[in-house]
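First the structure, then my questions, so here it is.
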Amino acid sequence: MKIRTVFVGLVAATFSAIALAQAPIVIKFSHVVAADTPKGKASEFFAKKAAELTKGKVKVEVYANSALYKDKEEMEALQLGAVQMLAPSLAKFGPLGVKEFEAFDLPYIFDNTAELHKITQGPVGASLLAKLEPKGIKGLAFWDNGFKSFSANKPLKTPADFKGLKMRIQSSKVLESQMRALGALPQVMAFSEVYQALQTGVVDGTENPHSNLYTQKMHEVQKHMTLTEHGYLGYAVITNKKFWDGLPGDVRGQLEQAMKEATVFANGIAKQENDGALEKIKASGKTQVYTPTAAERNAIKKALVKTHTDMESRIGKEAIQAIYKETGFDPSKL
Ligand code: LMR
């Protein structure tokens, strides 16, 4: 009897040891937007690729729509190791102390995606990601979303139309300065709260790429939208550095490959996702979509360019100049 008990115990222990050895490494990937967006789709793509390339050794669990954490909490959760991966907007790294990321928020700094990619897919981007390491964060990639439109319940054609409007922004001092340059009152708010704030009039308007506006149904509570394309919104995919460095080397390499492929995927779909969302917003008939004239666009540009000089001391002249140098942007020419 005793021998049998010992034998059964041994068998059970062996099986649980095997089970443990085979238990996948779980990566919780938390984000705040809908699954049906460039970031939502890219994170699902990464999860699939990671499972495939690691042959099931890694299981990426994607939590969309702030289901796990809101903006500010998710950064803390990553540093504490409660989640392993995030892709926050580049406008959300200032509170972490990495203010250089706010350069991406400077109005009109990128004329198009090709210019943006010179930064995000080149050496300047790599050096920006490296600045996260002292914070215990490893930057893995930049993923595109797109260029932003302004929305409100009144037409927004000239800088004067913004005067006194409460505008929701992400937690970026550059966006704060941008809204003030228009005479608006910026209000920092978590993404998950924006729809309700617009619906109840806590804020009057906002800005976002169309994929975000549409999937959060913001167009249902905003009567007007102007296609200003005045600024860029995109993401840095980040992980907890200690977690990443602690992965077996082969697994880490496979995940790097999965991230490479997910980045190509993300940046390949972002524009069409945003164009599709704009068409759906137009088709809904709930928001009047306005394309500014060249003169109107210029007037808004002129009003916003002061943000570049106002924010130079915060972001750092060097960081801003590094971008200007790559893209050829010259604020004095606006
Ligand atoms: C926002 O808060 O408006 C965006 O950063 C949301 C997102 O992640 O795209």
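Bear in mind these aren't lab numbers, they're just calculated from the coordinates by the rules spelled out. Values in this document were obtained by computation on a predicted structure and should not be read as measured data. Cβ atoms come from the backbone with ideal geometry, glycine included; neighbour counts cover every protein chain shown.
Hey, could you grab the Kirkwood Rh for region 191-258? Inverse mean 1/r over distinct alpha carbon pairs, Å, one decimal.
With all distinct Cα pairs of region 191-258 included, I get 15.2 Å.
Further, regarding this structure: If you bin the C-alpha pair distances of region 118-177 every 5 Å from 0, what whole percents do you get?
With a bin width of 5 Å, the distribution comes to 4, 13, 15, 17, 17, 9, 10, 11, 4.
About its Cα centre, how strong a charge dipole does region 24-325 have in debye, to the nearest 20, once Lys and Arg get +1 and Asp and Glu get -1 at the Cβ?
200
Roughly speaking, what is the stretch gain from A294 to A51, that is 0.36 nm per residue apart minus the C-alpha to C-alpha distance, in nm to one decimal?
82.6 nm
To continue, here is another question. Quick check: Cα centre of region 139-188 to Cα centre of region 65-97, how many Å?
21
Against the 2.2 N^0.38 Å scaling, with N counting residues, where does region 38-154 land? I'd like the Cα-based Rg ratio to two decimal places.
The value comes to 1.16.
What is the gain in length, in nm to one decimal, between Q199 and K163 on full extension, counting 0.36 nm per residue of separation less the C-alpha to C-alpha distance?
Contour length minus Cα-Cα distance gives 11.0 nm.
Tell me the relative contact order for the chain as a rounded percent, counting alpha carbon contacts under 8 Å between residues six or more apart.
24
What spacing in nm lies between the two simple spin-label points modelled at V26 and K317, each 7 Å away from Cα in the Cβ direction?
5.1
Now, a different point. Taking 0.36 nm per intervening residue step and subtracting the Cα-Cα distance, what contour gain separates K72 from K217 on full extension?
Separation in residues times 0.36 nm, less the Cα-Cα distance, equals 50.0 nm.
Where the Cα atoms of region 206-334 are projected onto their three principal axes, how long is each span, largest first, in whole Å?
Per principal axis, max minus min of the Cα coordinates gives 55, 41, 22 Å.
Using the Kirkwood radius built from alpha carbon pairs, what does the Stokes-Einstein equation give as D for the chain at 37 °C and 0.692 mPa s, in µm² per second?
Translational D for this selection: 156 µm²/s.
When the convex hull of the C-alpha atoms of region 107-216 is computed, what volume per residue in Å³ does it have?
126
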